[in-house]
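Please read the structure below before turning to the comments.
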Amino acid sequence: MYAPQGVKTSKDFPVPDMQKAWVLGEPGQLIFKEKPVPVPGKAEVLVRIDAVAICATDLEVIYHGPPALIEGGLPFNKNWTPGHEYMGTVAALGPGVDEYKIGDRITVEIHAGCGQCKRCREGMYTSCHNYGMNYGDMNKGHRANGFTTDGGFCEYAVNNINTMVHVSDEMSDEEATLVVTAGTAMYGLTELGGLIAGESVVVTGPGPIGLLGVGVAKAMGASPVILTGTRDNRLEIGRKLGADHVINIRKEDPVDAVRKILGGKGADYVLECSAAPNGLNEAARMVNRGGKVCLAAFPHGEVPVDVAHLVRNNIYLFGIRGEGKSATHRAQAFMEQKRFDARLIHTHTFELKDLPEAIRYAKERVDDAIKVVVRMPSAVAQKKMAAE
Ligand SMILES: [Zn+2]
Ligand SMILES: [Zn+2]
């Protein structure tokens, strides 16, 4: 039985020595195998994963590699487990941990950072200067589960206590996996200054971050909130999440439409979540003079940018990585208070053993999949028992 030295376990919460885990082989190849259950160190806990959502960045990592960085290089054939948007139950405590108890329900954010570099000290742990430095002589303790350390497409993971948030019992496992996505939108709006109550916000691109960006902006008091996209059914979900106006860019020019809604003036803020090659140029034309644009998505290649327009109009440009400055805690608070319904973006559920099929749904947007969630066999069994 699992009883590593210095680790606190509980009779009521038996942990096996081995677990089922997916590991990345060649690009695009996932292998289901047995792996040892990892051991938490100082300031860490062992999490029994109950559900994990699939993110577009998982697809990047599985098929192309970056931004995953394992032992200083590409993540292929390193017995490494991807997946980063998970939630679960605390199963064991590392030495000295009293911030959480065994049995606590939690959801996670990704980046623990190294905790010692300049950016980590500023709360910008998603921009840690020691990204991926967690091996050999260069071990600075950096963790970004599912990017630089083992992630959540498995049954058990180790998490730094600073990467966890308690979730209320009222929130379902599936909804709890979405907290980190809402946290990314929250971080974007935090970096834009956060004081958006009564100010106009445009969100471009109704993917998961864009849609929850609408919910978070609305919860923070932004008015009006405008969402642009190409598909009416997604825009309709945006409306349910609080968008005051939606613009289908296949039917009308989004810059003209935004300016018309705002009396010709342009928006105070744009949260760019489309990753369209012309996304930044359009955002810069939607925003008013002195306005702010946050880039939360990125195109695959280099794109031409109208720099003169940015300079002449004093437009502020922010890039964000992940969910820094404890944004996940604030997003969870909004969700717990039911300020927006993140469940609207959860479309499909699979079991862990069917991960490749779940990934196909996410990748090919089968059946208009938005957020595909994978559940663990133990959690599925528990739910069945509770229902009976
Ligand atoms: Zn993600
Ligand atoms: Zn750091």
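Structure data summary
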{"quantity": "Residue among Tyr100, Tyr131 that alone is out of contact with any Gly (no Cβ under 8 Å at 6 or more places or on another chain), assigned to a loop (DSSP other than H, G, I, E, B) and more than 30 Å from His346 (Cα to Cα)", "calculated": "Tyr131"}
{"quantity": "Among the residues listed as Tyr86, Tyr135, Tyr156, Tyr125, the single one being more than 17 Å from Val47 (Cβ to Cβ) and either crowded, with 19+ Cβ neighbours inside 10 Å or touching a Cys at 6+ places or on another chain (Cβ under 6 Å) (or both)", "calculated": "Tyr125"}
{"quantity": "One residue from Val97, Val61 being more than 26 Å from Gln5 (Cβ to Cβ) and either within 16 Å of ligand 2 (Cβ to nearest atom) or touching a residue at least 40 places away in the same chain (Cβ under 8 Å) (or both)", "calculated": "Val61"}
{"quantity": "Test result for Gly221, in the same structural domain as Val287 (by TED's automatic domain parsing), at pLDDT 95 or above and not in a helix (DSSP H, G or I)", "calculated": "yes"}
{"quantity": "Residues satisfying the stated conditions in the stretch 245-287, i.e. touching a strand residue (DSSP E or B) at 6+ places or on another chain (Cβ under 7 Å), surrounded by fewer than 19 Cβ atoms within 10 Å (Cβ to Cβ) and in contact (Cβ under 8 Å) with a residue 24 or more places away in the chain", "calculated": "Ile261"}
{"quantity": "Residue match in the stretch 66-87 (condition: farther than 30 Å from Pro14 by Cβ, more than 16 Å from ligand 1 (Cβ to nearest atom) and among the β-branched types (Val, Ile, Thr))", "calculated": "yes"}
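Results for (1) assigned by TED's automatic domain parsing to the domain that holds Thr57; (2) in contact with a strand residue (DSSP E or B) (Cβ under 7 Å, 6 or more places away or on another chain); (3) under 20 Å from Pro208 (Cα atoms), shown as yes or no for each residue.
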{"position": "Cys294", "(1), (2), (3)": "no, yes, yes"}
{"position": "His300", "(1), (2), (3)": "no, no, yes"}
{"position": "Pro304", "(1), (2), (3)": "no, no, no"}
{"position": "Phe334", "(1), (2), (3)": "no, no, yes"}
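The values are calculated or read from the model by the stated rules, or taken from the named source; none is laboratory data. Note that the coordinates shown come from a computational prediction; the quantities given were computed from them, not determined experimentally. All Cβ positions, even for glycine, are placed from backbone atoms using ideal geometry, and neighbour counts span all protein chains on display.
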